[in-house]
1. Given (1) near ligand 2 (Cβ under 8 Å from one of its atoms); (2) not in a helix (DSSP H, G or I), where does LEU48 come up short, assuming only one miss?
2. Any residue at all in the stretch 210-223 that's closer than 16 Å to THR26 by Cβ and more than 14 Å from ligand 2 (Cβ to nearest atom)?
3. Between residues in the stretch 194-217 that are among the basic types (Lys, Arg) and residues that are outside any loop (DSSP other than H, G, I, E, B) and more than 16 Å from ligand 1 (Cβ to nearest atom), which pairs lie under 7 Å by C-beta distance while being six or more apart or on different chains?
4. In the stretch 16-56, what residues are loosely packed, with under 14 Cβ neighbours inside 10 Å and more than 16 Å from THR71 (Cα to Cα)?
5. From the set of residues in the stretch 57-74 that are within 16 Å of ligand 1 (Cβ to nearest atom) and surrounded by 14 or more Cβ atoms within 10 Å (Cβ to Cβ), which is nearest to the chain's Cα centre (by Cα)?
6. Output the number of the condition that VAL177 fails; it satisfies all remaining conditions of (1) away from ligand 2 (no atom under 16 Å from the Cβ); (2) surrounded by 24 or more Cβ atoms within 10 Å (Cβ to Cβ).
7. Is it the case, given these coordinates, that THR71 is of a type in the set (Ser, Thr, Tyr) and either modelled with pLDDT under 95 or part of a loop (DSSP other than H, G, I, E, B) (or both)?
8. Just one of LEU48, LEU9 is under 13 Å from VAL230 (Cα atoms) and within 16 Å of ligand 1 (Cβ to nearest atom); which is it?
Amino acid sequence: GLAVSLQDLTVSYGGRGGRSALDGITLHIEPGERVALVGPSGAGKSTLLGLCNGTVAPTSGQVQVLGTDPTRASSRGLRALRSRIGSVHQHLNLVGPLRVVHNVNAGHLGNWGRWRALRSLIRPLQVAEAGEALDRVGIADHLHQRTDRLSGGEQQRVALARVLVQDPDLVLADEPVSSLDPARADEVMGLLCGVLSQDRPRRTLLVSLHDFDLAVRHCDRVVGLRQGRVVLDLPAAEVDAQA
Ligand code: ADP
Ligand code: ADP
């Protein structure tokens with residue numbers, strides 16, 4: 001089956017009358033595809049990613065993600081779906097004062113209380129697993145450092161290592177490199193699209209970006225969004241040839 005299937009999707013935050021954040025989107029993504037979602041601010045990228053993890057409800061149309069319809073799933077079904085989805089954000093969702101190892105092992109858990117509880121539960125095996133993941137993103141020697149002592153690019157690598165440990169089938173990355181300078185952004189995108197997909201070839205990546213060149217360089221397929229509509233959907237190789 002498809003990793004992501006959106007059929008005639010519309011999202012209007014103001015309800016049916018309001019201006020649509022997404023307007024009749026149809027998009028099918030195969031397992032293993034690395035898809036860049038490119039468009040200016042306000043185009044609907046975050047809304048589309050939110051549909052995929054069930055945090056945004058469609059006004060009309062159909063969503064299937066990893067074989068589940070998040071709009072119809074039970075709370076248990078939604079939890080199961082989310083455990084198979086890894087997230088990377090521009091704002092990293094890392095807990096600065098914690099050591100890198102704890103952030104890597106924290107998976108997609110939420111608030112401070114859970115982070116603190118988790119910290120006391122870390123086992124040697126998990127430390128080894130975190131170390132291995134950090135090695136693959138090139139910062140193995142930072143395992144025991146405080147996370148907020150690392151540079152922005154290093155912290156983004158910690159977020160990638162956390163996804164490796166979670167081992168999800170689908171990765172949703174919302175503007176993962178927009179806070180980095182161009183050279184760091186290119187490196188982190190290389191790791192995101194390289195390591196996360198080599199690790200498991202059928203893992204699907206959906207990455208929102210506002211930088212078209214980064215999308216073409218690192219992804220297999222480029223989907224352009226503008227004012228809630230798909231205005232471009234091409235293999236990256238063909239985009240390159242046209243440019
Ligand atoms: P970005 O351009 O980085 O995607 P936005 O400014 O679009 O950031 O969105 C930041 C946050 O504000 C998001 O959580 C989004 O859902 C919310 N948001 C954006 N536009 C509106 C709006 N018109 N009304 C309410 N919330 C909004
Ligand atoms: P992008 O991620 O491409 O910047 P968004 O999906 O954040 O785009 O936003 C698409 C449109 O939806 C924008 O017009 C934005 O202002 C609006 N929007 C986003 N989130 C909300 C929200 N929570 N409430 C109302 N409007 C929103």
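The values are calculated or read from the model by the stated rules, or taken from the named source; none is laboratory data. Please read all numbers here as calculations on a predicted model, not as lab measurements. Cβ coordinates were reconstructed from backbone atoms using ideal geometry, including for glycine residues, and neighbour counts include every protein chain displayed.
1. Unmet for LEU48, out of (1) near ligand 2 (Cβ under 8 Å from one of its atoms); (2) not in a helix (DSSP H, G or I): (2).
2. yes
3. ARG203/VAL171; ARG203/LEU196; ARG203/SER197
4. So the first thing to find is which residues in the stretch 16-56 are loosely packed, with under 14 Cβ neighbours inside 10 Å, and the list is 16-19, 26, 28, 40-42, 55.
ARG16, GLY17, GLY18, ARG19, THR26, HIS28, PRO40, SER41, GLY42, listed by residue number.
5. Looking only at the stretch 57-74, we keep the residues that are within 16 Å of ligand 1 (Cβ to nearest atom), and these are 57-59.
Next, from what is left, pick out any that are surrounded by 14 or more Cβ atoms within 10 Å (Cβ to Cβ): 58-59.
Numbers: PRO58: 19, THR59: 23 Å.
The qualifying residue nearest to the chain's Cα centre (by Cα) is PRO58.
6. Every condition holds for VAL177 apart from (1).
7. On the way: of a type in the set (Ser, Thr, Tyr): yes; either modelled with pLDDT under 95 or part of a loop (DSSP other than H, G, I, E, B) (or both): yes.
When the stated conditions are applied, THR71 passes them.
8. Values: LEU9 fails: within 16 Å of ligand 1 (Cβ to nearest atom).
Result of the check over LEU48, LEU9: LEU48.
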